[in-house]
Amino acid sequence: MAEGRGSAMVAMAMLCLLVAALQCEVAQAATYVVGGRGGWTFNVSGWEKGKKFKAGDVLVFNYQKGAHNVVGVNKVGYGGCSTTPSNAKVYSSGKDQIRLVKGLNNFICTLPGHCGSGMKIQISAS
């Protein structure tokens, strides 16, 4: 009977370690406000320089609701200021929070003339 309790104790300890490890991974995610105090606005490109982004980090796009939007696009959409893929999700709350994925993350504002005036950002996450 004592042997069974010992096995249960080891299993419980392993479960606790696994839960703690998962919580540490989540706790390491950082939150970044795109554009800093100025928020998501024109000529924000370059704000990302010097920052080390990781998959799971969260970007917060602050702007006046209705004045802008945020659309996650692929590299072609970023370069051409177009919604590629065409089914790309459009964020428009003015306080959008987007979790980064590993690799290149591209965001643009699709209101006429905004992306071409610098409302786009490209983030590489490891």
Open item on the list: For the range 104-125, give me the residue count where each residue is more than 14 Å from residue 45 (Cβ to Cβ) and in contact with a Phe, Trp or Tyr (Cβ under 6 Å, 6 or more places away or on another chain).
Closed with: 1
Open item on the list: Would you confirm, using the coordinates I've provided, whether residue 63 is surrounded by 15 or more Cβ atoms within 10 Å (Cβ to Cβ), of a type in the set (Phe, Trp, Tyr) and out of contact with any Phe, Trp or Tyr (no Cβ under 6 Å at 6 or more places or on another chain)?
Closed with: no
Open item on the list: Taking the conditions exactly as written (touching a residue at least 12 places away in the same chain (Cβ under 8 Å), assigned to a loop (DSSP other than H, G, I, E, B) and among the polar types (S, T, N, Q)), does residue 110 satisfy them or not?
Closed with: yes
TODO: Determine whether residue 71 is among the hydrophobic types (A, V, I, L, M, F, W, C), outside any strand (DSSP E or B) and either crowded, with 17+ Cβ neighbours inside 10 Å or without any contact (Cβ under 8 Å) to a residue 40 or more places away in the chain (or both).
DONE: no
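Does the range 47-57 include one or more residues that are exposed (fewer than 13 other Cβ atoms within 10 Å of the Cβ) and of a type outside the set (Lys, Arg)?
Taking the range 47-57 and keeping what is exposed (fewer than 13 other Cβ atoms within 10 Å of the Cβ), we get 49-52, 54.
Then keep just the ones that are of a type outside the set (Lys, Arg); that gives 50.
Yes, the conditions are met somewhere in the range 47-57.
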Open item on the list: Just to verify a result, which residue in the range 72-91, among those that are of a type outside the set (Gly, Ala, Ser) and within 15 Å of residue 118 (Cβ to Cβ), is nearest to the chain's Cα centre (by Cα)?
Closed with: 78
- [ ] Take the residues in the range 24-43 that are closer than 21 Å to residue 91 by Cα, within 16 Å of the chain's Cα centre (by Cα) and touching a residue at least 12 places away in the same chain (Cβ under 8 Å), then tell me which one is surrounded by the most Cβ atoms within 10 Å (Cβ to Cβ).
- [x] 40
Open item on the list: Looking at (1) in contact with a Cys (Cβ under 8 Å, 6 or more places away or on another chain); (2) at pLDDT below 95, which one does residue 83 not meet, given that it meets all the others?
Closed with: (1)
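The values are calculated or read from the model by the stated rules, or taken from the named source; none is laboratory data. For clarity, every value in this text was computed on a predicted model and none was experimentally measured. Reconstructed Cβ throughout: ideal geometry from the backbone, glycine too, with neighbour counts over all protein chains shown.
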